[in-house]
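What follows is a short report on a single structure.
A short reminder: the numbers here are calculations on the coordinates, not readings from a lab. What you are looking at is a predicted structure, and each value in this text was computed from that prediction instead of being measured. Note: ideal-geometry Cβ built from the backbone for every residue, glycine included; neighbour counts use all protein chains shown.
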Amino acid sequence: MKKTRETAGKKLSARTKGYLLLLLMVIVSWGIFKIITPDNFGSAKNMLSYFEASLLAAVGAVGFYFVMVMGMFDFSIGANIMLSAIVGCVFANRFGLGYPGLVVGAIITGALVGLLNGTLYVKLRIPSMIVTTGLALIYESVANYIAGGVEQTLPSGLRAFGQMPGNLILAVIAFAVAFLLLNYTKIGTYTYAIGSNEFVAKNMGISVNKYKVLAFIISGAFLGVMAVLTISYGSSMVAVTGMASMSRNFVPTMGCFFGLAFKKYGMPIPAIIIGEFVINIIFFGFIALGAPTAIQDVITGFALLIIVMLTTKVAKGEIVK
Amino acid sequence: MSEIRLQVKNVSKSFGITKALQDVSFDIAKGEIHALIGENGSGKSTLTNSLTGIYQKDSGQFILDGVEVNPRNQVEANNEGISIIVQELGTLDGLTVAENIFLGHENKFVKCGIKNTGAMNRKATELLKEYGFERIKASDMIEHYNFEDRKLVEIVKATYFNPKIVVIDETTTALSGEGREELYKQMKRIREAGNTVIFISHDLPEVLRLSDTITVLRDGVYIDTVKSSDVDEDGLKKLMVGREVSGEYYRADYGERVSDEVVMRVKNVTVPGLISNVSFDLHRGEILGFGGLSESGMHEIGKACFGASFDREGTVELQDGTQINDIPTAIAHSIAYTSKDRDNESLVMNQSIRDNICLPSLKTLANKLHLLRDGKLKKFAQQFAATMSTKMESVDQFASNLSGGNKQKVVLARWIGKDSDILLLDSPTRGIDVKVKQDIYQLMDKMRKEGKSIVMISEELMELIGMCDRIIIMKDGEINGEIMRDKDMDENTLIAKMV
Amino acid sequence: MANTDKQVTKDSALKKQTIINMLRSALPIIGLVVVFIVFNTLTKGNMWTSRKLILNQVYVVLISTVGVFFIMTMGGLDFSQGSIMGMASIVVCMLSKVNIVLAIVGGVLAGAAIGAVNGFFYVNRKIKSFIVTICTMFLFRGFIKYMASNSPVAASMKVYDYDTLGIKLGITLAVLAVSFLVFRFTKFGIHLKAIGAGEKATKFAGVRTDRVKFLIYVLAGAITGLAAFVNIVKNGSATANVGNQLETQILIALVLGGMPISGGAKVRFENIIVGSLLYIVLNNGLIMMGLTTQAMQLIQGVIFLIFVALFADRQSLSVIK
């Protein structure tokens, strides 16, 4: 009895360590910008709005986590968000289906995109990032066709998910579902098993391909939710072409790397949520500093590079391509 | 005679052009520990992997208690009552101990799609307690435990459901004394329950001590099944190798004096976690053997001398004072290395034989303008592939299409082409059939006579005894003894220093 | 008897394999000829008449593809080529006001410098090449936008003096000739292919793989820096969009040329030339047919996926992520 309590204590400390680390990041990133520009940054109200803004990417990132843990990648995240948002908007607006049309339309589109990504990846046996690069071209084009080349605007009566408490409710539901899938279903166990060693997992009777496709579908559905939040927050969506949707890939991907890094503390999902929050604090910090928008891209690119560098550990002699 | 549990009937399995198993048939009885022995590459693991669904056999049958079984993966095998503890790690990172134990069998704990983690952990804790492994906690992540404890978890995973057959594939070599005793205890428990253990081991005394029956395989072919009480070690060895161990197979000379000239001086070499404070001299024309258990660190010796180890401390110095700290320097100073992991570290698999042989010699093959001609490369490759009598269609063929023995010949051809003077051979005959082995032994003998020096690292004690002027035994990353070439040396002398 | 039967079936299987391989390697060239004839018929010879215009687009893609070809031969990827082109173009524009030779050297050095950044993070920090290069792509795209946001960076009027067929074709042919010679007839080519086919074994055969990998990224940057000069000679100024999407164009071109996506021993130098030509002809043909941007992108995506699937070298990938 005493022993069990001891291990419980030990486990708590691993998790607590993770939380403390994240809290430290929040405080440090807040502190730095608060010192540089104390007037227009970092009040409690500011922080709440940064957190609201970070929910968008956090929802996408917890879904994308399933794909990343298995060691695969997805270049079509941005195109998926764009396409799902436009389909959701068209359902809600043009077809007059209201909120159900928006939410269901976007999530189903996202899941279908995931299904297509996963199926082609598994069937064609091509590296996932290459398949999704090709597919991103196609999704962008399809989104453009559906939008008819014009900006899709969500009517003001349908923007409840763009502000408190709508956005928070939707995000919390999404986080809860991800948490449940990861910790309380076979899917979660098998996701980690495949990510750890595909051959052993296969020998254990896990149908690896099925779960890989499933991971893409889950990821796609969460990106669909992110699409709902994105278009509600920004009120409209333009269907860009020429791989310009790639710029939407970065922020969810960054959060995912936080999740991967904190996996060992047994708390990937909270890490993703707080990680995205930290990223947003830094972004808004730079905005408060008056950095031009173009420079924000520089920061985004650099930030991802640094996050990946700090969070990935490569064994000596391992081959990285 | 006890009842038959498993009939192996005409089982065959090929990997590409390598015939790993050819028409193997024999019976295994209920309530016995049945050992499966043979040299490396004889097909033991292929047979058990086919039985447990890790590989799919090409033809033949496995008949368990009168019913044919044909599992496609380990979980299906488990459902038939067959389980396996594999040689390497069989547990998965990122999962808890409990999740690992029940991987593939979660359905017992799933209700309406929701997994009852609590119930799973309780059941796992119960099992661990039953086995006496209380210090392992069911809800902990598996990566918090070391190799040995993870093996214990595998023992639980493979035996908790009382399977009819448990395969234990060379697990003992990786375990220390305590873990080994635990495994022996479990094996005996399984036998007492009337079930069967198929036990694969290289350690012949261990095999004789533990098993009731022994089946010998050689080059994928069934040789014989004998009662443990009817044979001794020499008898088993004869069955395994297939001839009297003498004559032309290994080198025949004894008592030849090795030159005093030191060609390579290794001083206080340490590679964190693998070897510590290793020092030795390699003489001209000497074959220096390294033996030990596979985890003893001996395989790192070759890499360390080749400049391929990470974070190596200490020095490797050649006769002319050159320090070897990286691979290109090593090769430039006539050092060659063949890895135990031939397919990843020695050969560029999806590359032509030509390029594989020419790779380290490109500098000398180029003309004054640093240009290479295809014809010249081809001729060079053909010449040395022929020296090694490599069986192939042409040098343009990919290395991946060759059998294990011919792959090794390509690797050796590369270094003969480079005319290396110091050869670091790690497990040079691993997974290679007897005929090619003999070719390699003869080549080594010839090189020795030409004044080249060889470091031979091997898990096969017989070939160390047969080939080496001197054998250094490694234990736990350190040198644990040195034995000179002697006609009367036997394996027990070496084993005593190994464990 | 049974043995000879087996031998025969094995031989015929082998023959079938060679025929398939031959067909595969001939496909891009056949494709080029067919596409060229089809579009000429459809446009009633319009394509042939405007061959000069089409040729004018080939140079930049053809030159910068060479560097990426080397990178992909080693099994790496590079998505930052567009931004390299953009940065180098800006440098060329600025320096052209001083001296043309200086401009060329400056462009090459700028490209090489970004290549070195890629190489550093990829080789020294062991981050996957595609992640490093999407980060640098975004990062430097931000710089380009910042520098060219208000007005394009104009080059000296002198650059138009160099806008001759001789110079543009000359540079292109020179780059191709030198790289062909080096790739095909020196140890460089064998080393690159070996790294792509099995990096660990190549390292154990004495190749300084890390150094080669780093230098190739620098080289690829430098080559694209040279292509930037040709680009500026053609256009006279660098806009915020300069070099946009070049990386996708290069990737598609190489894949159309029959390049296996994972590199290795099966790459051919011809992949560069056939692929670039096929890509440009296809693109221009579709434009001449009056297709919209989104329709073209759709077709590009589909063709890209088909070619990747056809030429993927699945043998050498035991686990496809």
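Taking the beta-carbon count within 10 Å as an exposure proxy, list A:211, A:190 from fewest neighbours to most.
Values: A:211 21, A:190 26.
With the fewest neighbours first, A:211, A:190 line up as A:211, A:190.
What are the principal axis extents of the Cα atoms in the stretch A:210-321, in Å, biggest first?
Largest first, the stretch A:210-321 extends 43, 37, 30 Å along its Cα principal axes.
For the protein assembly as shown, what is the charge dipole size about the Cα centre, in debye to the nearest 20, if Lys and Arg each add +1 at the Cβ and Asp and Glu each add -1 at the Cβ? Walk me through the intermediate numbers first.
Details: 116 positive and 97 negative charges, 693 e Å.
For this selection, approximately 3340 debye.
In the neighborhood of residue B:123, defined by Cβ-to-Cβ distances under 13 Å, what is the net charge if each Lys or Arg adds +1 and each Asp or Glu adds -1? If you can, show how the numbers build up before the last one.
Working: positive: B:108, B:115, B:122, B:129, B:157; negative: B:99, B:106, B:126, B:130.
Every neighbour counted, the sum reads +1.
Which whole number of Å³ per residue matches the convex hull of the alpha-carbon atoms in the stretch A:82-185?
Normalising the Cα hull of the stretch A:82-185 by residue number yields 124 Å³.
Within a Cβ distance under 14 Å of residue A:88, other residues only, what is the Lys/Arg minus Asp/Glu net charge? Don't jump to the answer; show the numbers that get you there.
Numbers: positive: A:94, A:159; negative: none.
It works out to a net charge of +2.
Determine the shape class of the stretch B:4-241: with a ≥ b ≥ c the square roots of the Cα gyration tensor eigenvalues, call it rounded for a/c under 1.5, and otherwise prolate if a/b is greater than b/c, oblate otherwise. Intermediate results must be reported in sequence, preceding the final value.
Values: a/c = 1.96, a/b = 1.53, b/c = 1.29.
Prolate, since a/c reaches 1.5 and a/b exceeds b/c.
Which of C:307, A:199, C:143, B:199 comes first, and how do the rest follow, when ranked by fewest Cβ neighbours within 10 Å? Walk me through the numbers on the way to the answer.
Details: C:307 24, A:199 11, C:143 18, B:199 27.
Listed from fewest to most nearby Cβ atoms, that is A:199, C:143, C:307, B:199.
Within the stretch B:1-87, which GluC sites (Glu not before Pro) sit in a loop by DSSP and count at most 16 neighbouring Cβ atoms inside 10 Å? Each step should come with its number before you reach the end.
On the way: sites: B:3, B:32, B:39, B:68, B:76, B:80; in loops: B:3, B:32, B:39.
Sites meeting the loop and neighbour criteria: B:3.
Could you give P(r) for the stretch B:1-145, binned at 10 Å from zero, as whole percent values over all Cα-Cα pairs?
Taking all Cα pairs of the stretch B:1-145, the binned fractions are 10, 31, 29, 22, 7, 0 percent.
With all pairs of different alpha carbon atoms counted, what Kirkwood hydrodynamic radius in Å does the stretch B:334-382 show? The partial results should precede the final answer.
Details: mean 1/r = 0.0838 Å⁻¹.
That comes to 11.9 Å for the stretch B:334-382.
Round to a whole angstrom and tell me the spacing of the C-alpha centers of the stretch A:130-191 and the stretch B:140-196.
Value for the Cα centre distance between the two parts: 47 Å.
How much mean residue ellipticity at 222 nm does the protein assembly as shown get from its helices, if each DSSP H run of length 4 or more adds -39500 (n - 2.57) and you divide by all residues, to the nearest 500 deg cm²/dmol? Can you show the working numbers first?
On the way: 42 runs with 639 residues, N = 1141.
It comes out at -18500 deg cm²/dmol, rounded to the nearest 500.
Which whole number gives the average count of other chain Cβ atoms within 10 Å of the Cβ atoms across peptide A:285-295?
Working: counts 0, 0, 0, 0, 0, 0, 1, 4, 4, 10, 4.
Partner-chain Cβ atoms within 10 Å, mean over residues of A:285-295: 2.
What does the convex hull of the alpha-carbon atoms of the protein assembly as shown project to on average, in nm²?
Details: hull surface 199.7 nm².
Over every viewing direction, the Cα hull of the protein assembly as shown projects on average to 49.9 nm².
Alpha carbon centre of the stretch C:145-161 versus the stretch C:223-282: separation in Å?
23 Å
Please state the shape class of the stretch C:15-108: rounded when a/c is under 1.5, otherwise prolate if a/b exceeds b/c and oblate if not, all from the C-alpha gyration tensor.
oblate
So, R0 is 35 Å and r is the distance between the beta-carbons of residue C:289 and residue C:164; what FRET efficiency does that work out to, to 0.05? Don't jump to the answer; show the numbers that get you there.
Numbers: r = 31 Å, r/R0 = 0.87.
After rounding to 0.05, the efficiency reads 0.70.
Dipole of chain A, Cα-centred, from +1 at each Lys and Arg C-beta and -1 at each Asp and Glu C-beta, to the nearest 20 debye?
Details: 23 positive and 10 negative charges, 289 e Å.
Roughly 1380 debye for chain A.
What aspartates and glutamates does residue B:137 reach when the alpha-carbon gap must be under 13 Å and sequence neighbours fewer than 8 apart in one chain are set aside?
A:6, B:99, B:126, B:149
Tell me whether the stretch B:225-352 comes out rounded, prolate or oblate; compute the Cα gyration tensor, take square roots of the eigenvalues as a ≥ b ≥ c, and use a/c under 1.5 as the rounded threshold.
Numbers: a/c = 1.96, a/b = 1.62, b/c = 1.21.
Judged from the Cα gyration tensor, the stretch B:225-352 comes out prolate (a/c at least 1.5, a/b above b/c).
Which of the lysines could be linked to residue B:368 by a straight reach, that is with a Cα gap under 26 Å, when you skip same-chain ones fewer than 8 residues away?
B:376, B:378, B:379, B:418, C:187, C:193, C:203, C:213
What length, rounded to one decimal in nm, is gained on full extension from residue B:253 through to residue B:487, with 0.36 nm per residue of separation minus their alpha-carbon distance? List each step's numbers first, then the result.
On the way: separation 234, 0.36 × 234 = 84.24 nm, distance 0.92 nm.
The residue B:253-residue B:487 span can extend by a further 83.3 nm.
How long are the three semi-axes of the equivalent ellipsoid of the stretch C:99-215, in whole Å, if each is the root of 5 times an eigenvalue of the C-alpha gyration tensor, listed from largest down?
Values: eigenvalues 213, 106, 20 Å².
For the stretch C:99-215, the semi-axes come out at 33, 23, 10 Å.
With +1 on the Cβ of every Lys and Arg and -1 on the Cβ of every Asp and Glu, and nothing else charged, how large is the dipole of the stretch B:4-241 about its Cα centre, in debye rounded to the nearest 20?
Numbers: 30 positive and 36 negative charges, 141 e Å.
Magnitude of the dipole: close to 680 debye.
Hey, could you get me the Stokes-Einstein D for chain C, Kirkwood radius over alpha-carbon pairs, 20 °C and 1.002 mPa s, rounded to whole µm² s⁻¹?
Details: Rh = 20.7 Å.
Translational D for this selection: 104 µm²/s.
What is the angle, in °, between the Cα long axis of helix B:434-449 and the longest principal axis of the Cα atoms in chain B? Nearest 10 is fine, range 0 to 90.
The two axes meet at around 30 degrees.
Between the stretch A:244-321 and the stretch B:417-451, how many Å separate their Cα centres?
52 Å
Within 10 Å of each candidate Cβ there may be at most 16 other Cβ atoms; applying that plus a DSSP loop requirement, which trypsin sites (Lys or Arg not before Pro) in the stretch C:124-175 survive? Intermediate values should be presented prior to the final figure.
Working: sites: C:125, C:126, C:128, C:141, C:145, C:158, C:168; in loops: C:125, C:126, C:128.
For trypsin sites (Lys or Arg not before Pro) across the stretch C:124-175 that sit outside H, G, I, E and B with at most 16 neighbouring Cβ atoms in 10 Å, the list reads C:125.
Taking every pair of alpha-carbon atoms in the stretch B:23-75, what share in percent sits in each 10 Å bin, from 0 to the bin with the longest distance?
Binned Cα distances yield the sequence 21, 54, 24, 0.
Counting pairs of Cα atoms in the stretch A:102-247, how many percent are more than 22 Å apart? Don't skip to the end; give the middle numbers.
Values: 5109 of 10585 pairs.
Of all Cα-Cα distances in the stretch A:102-247, 48 percent exceed 22 Å.
Rounded to the nearest angstrom and ordered from largest down, what semi-axes does the equivalent ellipsoid of chain B get from its C-alpha gyration tensor (root of 5λ)?
On the way: eigenvalues 351, 128, 121 Å².
That gives 42, 25, 25 Å for the three semi-axes.
Using DSSP to define loop residues, name the chymotrypsin sites (Phe, Trp or Tyr not before Pro) in the stretch B:264-359 whose beta-carbon has at most 14 other beta-carbon atoms within 10 Å. Let's see the in-between values first.
Values: sites: B:280, B:290, B:306, B:310, B:337; in loops: B:310.
Filter output for the stretch B:264-359: B:310.
For a quick check: sort C:147, A:254 by the number of other beta carbons within 10 angstrom, fewest at the front.
Values: C:147 18, A:254 23.
Fewest to most other Cβ atoms nearby, the residues stand as C:147, A:254.
Restricting things to Cα coordinates, could you compute the convex hull volume per residue of the stretch B:300-458 in Å³?
Details: hull volume 19.3 nm³, N = 159.
Here the figure is 122 Å³ per residue.
Give me the mean projected area, in nm² to one decimal, of the convex hull enclosing the Cα positions of chain A.
Working: hull surface 76.4 nm².
Mean projected area for chain A: 19.1 nm², to one decimal.
Rounded to whole Å and ordered largest first, report the semi-axes of the equivalent ellipsoid of the stretch A:41-80 derived from its Cα gyration tensor (root of 5λ). Walk me through the intermediate numbers first.
Working: eigenvalues 163, 22, 10 Å².
One finds semi-axes of 29, 11, 7 Å for the stretch A:41-80.
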